[in-house]
Amino acid sequence: MSWFDQRPDDAMMGSFEAVGAEHIATVEAAQFREAMSQLGAAVHVVTTAGPAGTAGFTATAVCSVSDQPATLLVCLNRRSQVTPILETNRVLCVNTLRAGTDTVADVFAGRTRVPMAERFDTGSWTELSTGAPVLDDAVVACDCRVIEIKSVATHNVVFAGVVAVRLGRPGPALVYHERAYKQV
């Protein structure tokens, strides 16, 4: 099973199926995953550090919410080993990956089976404001404090206020499209 197909059977427990007053019948999961594979998205490594430890994961479900105040959202599977760490630490850094950093993406996606404690041996890391690891070669790094976490279906939607930004050198970014890495 690959990282984008992980969907534990009990991940729905305690959450709702869709937002709204009425039940919404949605398409089957396999059809939805196939549709999402056609949606090209930037690849990020989201990191956290604090009292619960240091951890990170690869994500494509990241987007801007607002610029006033500067806010991002990040989606994380509720069964991920990073979930309780992020919930405790309450800080994160969204590191947008540069083209050619497929290895970093794979390591943090768990594809290489590198243990969490050793994942930060891949790449060169520093910090900005929160203490969450910042990838030196990221296209952009957004250092954030968690505002709120909402459980929706199999995932947590993490809303985070951006407290620091570091722009990387110009160059193409890594995207994931049709189940493959590409660059834009």
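The values are calculated or read from the model by the stated rules, or taken from the named source; none is laboratory data. Computed from a prediction, not measured in an experiment: that's the story for all the values here. Note that each Cβ is placed from the backbone with ideal geometry, even for glycine, and that neighbours are counted across all protein chains shown.
Going by what's in this entry, would Leu73 be described as part of a strand (DSSP E or B) and in contact (Cβ under 8 Å) with a residue 60 or more places away in the chain? In short, yes. Of all the criteria given as (1) closer than 16 Å to Tyr181 by Cβ; (2) in contact with a Gly (Cβ under 9 Å, 6 or more places away or on another chain); (3) surrounded by fewer than 18 Cβ atoms within 10 Å (Cβ to Cβ), the one not satisfied by Thr112 is (2).
I want to confirm something. Restricting to the stretch 76-109 and keeping residues that are basic (Lys, Arg) and touching a residue at least 60 places away in the same chain (Cβ under 8 Å), which single residue is surrounded by the fewest Cβ atoms within 10 Å (Cβ to Cβ)? Looking at residues that are basic (Lys, Arg) and touching a residue at least 60 places away in the same chain (Cβ under 8 Å), I get Arg79. Between Val62, Val45, the distinction of being within 12 Å of the chain's Cα centre (by Cα) and within 18 Å of Trp125 (Cβ to Cβ) belongs to Val45 only.
In the set (1) exposed (fewer than 15 other Cβ atoms within 10 Å of the Cβ); (2) within 16 Å of the chain's Cα centre (by Cα); (3) closer than 17 Å to Ala42 by Cα, Ala173 fails one condition alone, (1). The single condition among (1) closer than 30 Å to Gln68 by Cα; (2) modelled with pLDDT of 95 or more; (3) over 15 Å from the mean Cα position of the chain (by Cα) that Val134 does not meet is (3). Scanning the stretch 13-55 for residues that are at pLDDT 95 or above, among the acidic types (Asp, Glu) and loosely packed, with under 10 Cβ neighbours inside 10 Å gives a single hit, Glu28.
Could you list, in sequence order, all residues of the stretch 117-152 that are outside any strand (DSSP E or B) and surrounded by fewer than 15 Cβ atoms within 10 Å (Cβ to Cβ)? The answer is Ala117, Glu118, Asp121, Ser124, Asp136.
Answer yes or no as to whether Leu72 is buried (at least 22 other Cβ atoms within 10 Å of the Cβ) and out of contact with any Asp or Glu (no Cβ under 8 Å at 6 or more places or on another chain). When the stated conditions are applied, Leu72 does not pass them.
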